[in-house]
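Note sheet for the following structure.
The values are calculated or read from the model by the stated rules, or taken from the named source; none is laboratory data. Note that the structure is a prediction, hence the values are computed from the model and not measured. Virtual Cβ from ideal backbone geometry, glycine too; neighbours counted across all protein chains shown.
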Amino acid sequence: MDSKTKTTIEGVKELGSELGAWEVRVISLKNEAENLRKLNDIKKKEIESSLALAQQEYDKKRNITKAEEAAILEEKTKLEAQRAEIQGLVMALKKERNEFEREKQKILDTQADTARLREKANYFLRLVKDEATKL
């Protein structure tokens, strides 16, 4: 065999072994890609599951919040009604107190007038007695 043929055969053998190594590497990469694809699908399912659970929890908390807001609004409405009622009672009490103060003042004025009249009457009686004793 001549040296060219031998070199060619060696080159072909070398290419064959490199080709075999590349085929093994390609198969390895395909397997790795398939494993990564499977892992990616698993992670997608986990993420979707987590998102679904998170959405359920969010909806649950949102519903609880809406119920609490409705209860608070109802309580606020009741408190506003009670406040209006209390304000009405306070106004009535103030009106009643003012009326009582007016009546009290009338009575005090009447008592003062009565005291002055009594004093004048006593004074008049003393004058009459004094005059009667002079006679």
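Going by the conditions given, is residue 15 among the aliphatic types (A, V, I, L, M), surrounded by 10 or more Cβ atoms within 10 Å (Cβ to Cβ), under 60 Å from the mean Cα position of the chain (by Cα) and part of a helix (DSSP H, G or I)?
The answer is no for residue 15.
Would the range 25-32 turn up any residue that is exposed (fewer than 10 other Cβ atoms within 10 Å of the Cβ) and modelled with pLDDT under 95?
No, because not a single residue in the range 25-32 is exposed (fewer than 10 other Cβ atoms within 10 Å of the Cβ) and modelled with pLDDT under 95.
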